[in-house]
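Working notes, beginning with the structure itself.
The values are calculated or read from the model by the stated rules, or taken from the named source; none is laboratory data. Since the structure is predicted, the reported quantities are computational estimates derived from the model, not experimental observations. Cβ: placed from backbone, ideal geometry, glycine included. Neighbour counts: every protein chain shown. Accessible surface is based on the protein model in full, side chains and every heavy atom, while ligands, DNA and RNA are left aside. Shrake-Rupley method; radii C 1.70, N 1.55, O 1.52, S 1.80 Å.
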2 protein chains.
Amino acid sequence: MSLRIALLGTLASKGPASGYELAKTFDDVINQVWQAKHSQIYPELAKMVESGAVTVEETGGGRGRKVYTITEAGRTEIDAWVAHPEPHRAVRNETALRAFLLPLLPPDRAAATMRGLAERHAALLDDLLKDRAAIEARGASGEPPFGGYALDLGIRTFTVLRDWARETAEDLERRAAENGGKGR
Amino acid sequence: MSLRIALLGTLASKGPASGYELAKTFDDVINQVWQAKHSQIYPELAKMVESGAVTVEETGGGRGRKVYTITEAGRTEIDAWVAHPEPHRAVRNETALRAFLLPLLPPDRAAATMRGLAERHAALLDDLLKDRAAIEARGASGEPPFGGYALDLGIRTFTVLRDWARETAEDLERRAAENGGKGR
DNA sequence: CATAACATGTAACTGGTTACATGATTGG
DNA sequence: CCAATCATGTAACCAGTTACATGTTATG
């Protein structure tokens with residue numbers, strides 16, 4: 001379902017596009033939020049044509065390029081989906097699972113793992129902060145920035161992840177020091 | 001892969017259990033972090049027996065109860081997985097996708113959506129805070145709490161989500177007021 | 001004896017990934 | 001003419017969900 005919405009949203013915000021172009025977009029912009037391979041996108045586009053959410057037009061270009069345009073019905077679908085978040089989606093979070101199982105490692109190894117995680121999250125956070133700085137530098141301020149709310153959410157999320165990993169590492173190091181590295 | 005680790009982790013921390021009991025555990029404790037239905041658990045246990053990560057023992061009890069015990073090989077697997085987080089897992093985040101598409105809604109509807117989201121996250125956060133309070137009340141303090149790091153991460157995450165939704169709603173409301181509810 | 005809780009499994013389907021397959025156009 | 005890029009599709013497979021199917025033991 002969400003892939004469908006992500007595709008419709010891209011068509012709504014960027015205008016008509018081919019499957020190839022949509023796949024490219026999923027490699028950069030939306031990548032922080034959702035991704036899909038072309039092998040999933042092409043069949044999905046076919047389904048959307050069938051249900052009337054988009055229309056196709058065949059044009060020239062390598063091996064029969066097809067351009068898809070969102071319809072009013074498609075826009076209505078996005079609207080309904082964005083405005084009506086379902087109550088409680090299944091959580092399947094590898095970082096949280098790692099956090100859960102952390103006490104199964106000896107504290108010093110667990111601490112080292114968290115140090116590494118903190119560093120990686122710090123690096124990802126830096127990337128996002130640079131993205132935002134670049135957008136702010138060239139964009140006229142005051143605009144309702146497309147993707148801006150998602151970027152903000154990403155920055156906040158990585159900040160929390162970095163700090164949590166850092167402080168968990170400190171806690172584990174304190175415990176390791178207290179009882180001389182006993183674990184499990 | 002992660003389901004396998006989640007099962008091994010549960011067996012490591014809680015001791016031998018049947019598939020039925022593991023399915024129950026996935027309904028409560030680990031539920032915040034990972035979940036699985038019995039229809040996925042039973043085949044996975046069979047695979048783990050085959051690869052030597054666990055051993056089975058058939059006992060009495062409704063329709064041939066089978067009890068699974070983790071082996072040293074299984075413990076090694078957990079250890080390796082927890083300590084070696086892979087660089088960059090695929091992100092597929094419905095909340096972030098919604099955030100991304102928010103500017104496609106008229107600002108007043110977008111703001112209302114974010115208000116609702118903030119409320120739901122606030123409620124989930126309250127639940128987790130109560131969980132932690134209950135654990136702290138009855139548990140001897142100073143213990144390395146099993147699942148405690150994951151709980152901490154959950155609390156921080158929902159706090160960020162609540163605040164982000166709240167502040168995004170405020171931003172959208174300000175914009176809606178400024179230009180009289182024009183959108184899209 | 002009926003019902004709830006215990007207990008294990010299979011089948012059909014959806015969503016997503018990896019790999020396979022093909023062909024057109026553009027630039028060096 | 002060769003390589004890169006544009007461009008679209010299919011097949012096999014893995015993970016996860018829903019629904020189907022079956023049988024046991026304890027309790028009122």
Charge dipole of the protein assembly as shown about the Cα centre (unit charges at C-beta), most positive-ward option of B:Met114, B:Phe158, B:Leu104: B:Leu104
What number comes out for the charge environment of B:Pro85, summing +1 per Lys or Arg and -1 per Asp or Glu over other residues with Cβ under 14 Å away? +2
Which value, in Å², gives the accessible area per residue of chain A when a 1.4 Å probe is used on the protein heavy atoms? 52
Per the helix-only calculation at 222 nm, which mean residue ellipticity applies to chain B, given -39500 (n - 2.57) for every DSSP H run of n ≥ 4 and division by its residues, nearest 500 deg cm²/dmol? -22000 deg cm²/dmol
Once the whole set of protein chains is in place, how much accessible area is left on B:Ser51, using a 1.4 Å probe, in Å² to the nearest 10? 70
Tell me, what is the Rg over Rh of the stretch A:2-83, with Rh the Kirkwood radius over Cα pairs? 0.94
Using a 7 Å offset from Cα along the direction of the beta-carbon, what are the separations from B:Ala122 to the same position in each other copy, nm, ascending? 3.5
Cα extents of the protein assembly as shown per principal axis, largest first, Å, are 63, 42, 36
Can you give the log10 of the normalised intensity I(q)/I(0) at q = 0.17 Å⁻¹, computed with Debye over equal Cα scatterers of chain A? -1.12
Round to the nearest 10 and give me the degree value, 0 to 90, for the angle of helix A:38-51's Cα axis relative to the longest principal axis of chain A. 50
Which angle between 0 and 90 degrees, to the nearest 10, do you get for helix A:148-179 versus the longest principal axis of chain A when only C-alpha atoms count? 20
Between B and A, buried accessible area summed over both sides at probe 1.4 Å, in Å² to the nearest 100? 6500
Dipole size in debye (nearest 20) for the protein assembly as shown around its Cα centre, Lys and Arg Cβ +1, Asp and Glu Cβ -1? 500
Between the label point of A:Arg138 and that of the same position in each other copy, find the distances and list them shortest first in nm, with every label point placed 7 Å from Cα along the Cα-to-C-beta direction. 5.7
